Amino acid sequence: MSLADELRAIHEEATERLSAAADLDALEQLRVAVMGKKGSLTAAMKGMGKLSPEERPTIGKLANEVRSQIEEALAARKAELDKQALAERIAADTIDVTLPGRGLSAGTQHLINQIREEIEDIFVGLGYTVEDGPFVETAWYNFTALNAPEDHPSRSAKDTFYLKDNDPNPEQSFAPGESDVLLRTQTSGVQVHTMENQKPPIYMICPGTVFRPDTADANHLPQFTQIEGLVVDEGISFADLKGTLDHLTREIFGKDRATRYRPHFFPFTEPSAEVDVSCGVCHGQGCRFCKNTGWLEILGCGMVDPNVFEYVGIDPERYTGFAFGIGVERVAALRYDLPDLRMLMTGDMRFLHQF
Ligand code: DAH
């Protein structure tokens with residue numbers, strides 16, 4: 001075969017194999033097989049030396065053409081395969097940004113703490129201080145200094161969790177009800193601590209956990225949250241109590257809700273009252289939520305009994321005051337129509353995340 005034919009055959013074969021090269025690797029193999037050191041075109045070019053001087057220019061020209069055509073074709077096929085490889089990679093790596101993400105659960109403040117802080121803010125706005133007190137109390141703070149008589153039923157072990165007394169003699173043990181160390185049943189004892197430690201004028205609230213030996217059901221919890229309030233100053237009257245608590249209920253439940261004050265009894269206040277707010281479901285018409293009364297009880301209150309002032313050494317001739325206690329779980333239940341107080345205790349995120 002003449003060298004010219006050989007060059008044409010190389011060109012033809014290279015062109016054929018080129019279009020068959022399916023990927024970049026196959027293309028590179030082809031390039032080496034044709035143009036590499038031991039490639040077919042390289043070998044053919046070496047035969048140029050044997051040509052006669054007449055043949056050399058035409059064959060030389062042909063060889064250069066073949067080489068540059070093969071180079072061009074290789075480059076074009078490479079560009080094609082590069083493009084194809086890129087398209088394949090893009091398709092494989094595709095992220096569908098329209099897919100909804102997985103929800104991250106960032107905790108929220110518990111509903112009870114939200115309401116507690118809301119009520120704290122209302123009273124801080126009125127110039128009150130926020131006090132704290134111990135969960136473990138003595139009967140003096142929880143009952144006696146609050147004017148509860150010795151035989152008051154709330155002192156019984158049925159209504160109060162008693163703890164073993166911290167008596168220095170460890171041999172001595174107390175039956176429930178004999179010990180005077182207990183889990184506070186109300187935040188009212190903080191009134192006594194505050195009046196022992198501060199001189200009037202006193203404007204304070206005390207939010208906190210309280211404990212009672214009740215079985216948890218839809219309306220009772222053995223552990224719940226109260227907010228106590230106490231005002232002691234000169235010339236404080238029931239009108240101050242009413243103005244303050246009406247402000248509180250309007251802030252919590254809205255301006256369209258009415259209040260009513262029902263006479264009641266608490267050992268530490270005289271006179272005492274329970275405060276009802278008009279039912280938000282039926283607006284006073286009567287419905288199942290308010291047991292057909294049109295009203296919902298929300299707190300207890302009254303004018304501080306002069307006996308309480310005597311216990312803590314405040315002159316009842318000079319000072320008067322009012323006090324109140326509100327249940328935070330009850331506020332939550334009334335505001336959000338909760339059918340069962342236990343929903344607040346079970347930690348079910350599907351419920352708690354709604355607030
Ligand atoms: N301590 C009362 C209770 O647990 C609530 C209460 C009522 C507190 C009247 C008060 C008050 O300060 O004046 O039921």
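Quick notes on this one:
- Rg/Rh (Cα only; Kirkwood hydrodynamic radius) as it applies to the stretch 224-350: 1.04
- At a Cβ-Cβ separation cutoff of 4.7 angstrom, cysteine residues of the chain with no neighbouring cysteine are Cys206, Cys301.
- Relative to the dominant Cα principal axis of the chain, helix 24-35 is inclined by about 20°.
- Computed over the stretch 254-305, the P(r) curve from all C-alpha pair distances, binned at 5 Å from the origin, holds 5, 24, 23, 19, 13, 11, 6, 0 percent per bin.
- Put simply, when 263-272, 319-328 are sorted by average Cβ atoms within 10 angstrom per residue, most first, you get 319-328, 263-272.
- The chain, helix-only ellipticity at 222 nm - DSSP H runs n ≥ 4, -39,500 (n - 2.57), divided by all residues, nearest 500: -12000 deg cm²/dmol
- Whole-Å semi-axes of the stretch 111-352's equivalent ellipsoid (Cα gyration tensor): 29, 24, 16
- Net lengthening on full extension, Arg288/Ser105 (0.36 nm per residue, minus Cα-Cα): 62.3 nm
- Point-to-point label distance, Ala75-Ser2, nm (Cα→Cβ direction, 7 Å offset): 3.0
- Value of relative contact order over the stretch 178-332, rounded to a whole percent, pairs C-alpha under 8 Å and six or more apart: 24
- When the Cα gyration tensor is reduced to axis lengths a ≥ b ≥ c, the ratio a/c is 1.5 or higher for the stretch 3-93, and with a/b above b/c it is classed as prolate.
- If you take all other residues with their beta carbon under 14 Å from the beta carbon of Ala239, and give Lys and Arg +1 and Asp and Glu -1, the sum is -2.
- Where a label projected 7 Å from the Cα of Asp93 along Cα→Cβ would reach, residues of the stretch 15-50 with amide N under 19 Å: 24
- Gaussian network model of the chain, Cα within-10 Å springs - most flexible of Lys291, Lys255, Lys83: Lys83
- The chain, relative contact order [Cα under 8 Å, separation at least 6], %: 14
Only the coordinates and a few stated rules stand behind these numbers; no lab work does. All of these numbers come straight from a predicted model, not from anything done at the bench. So basically every Cβ, Gly included, is an ideal-geometry build from the backbone, and we count neighbours across all protein chains shown.
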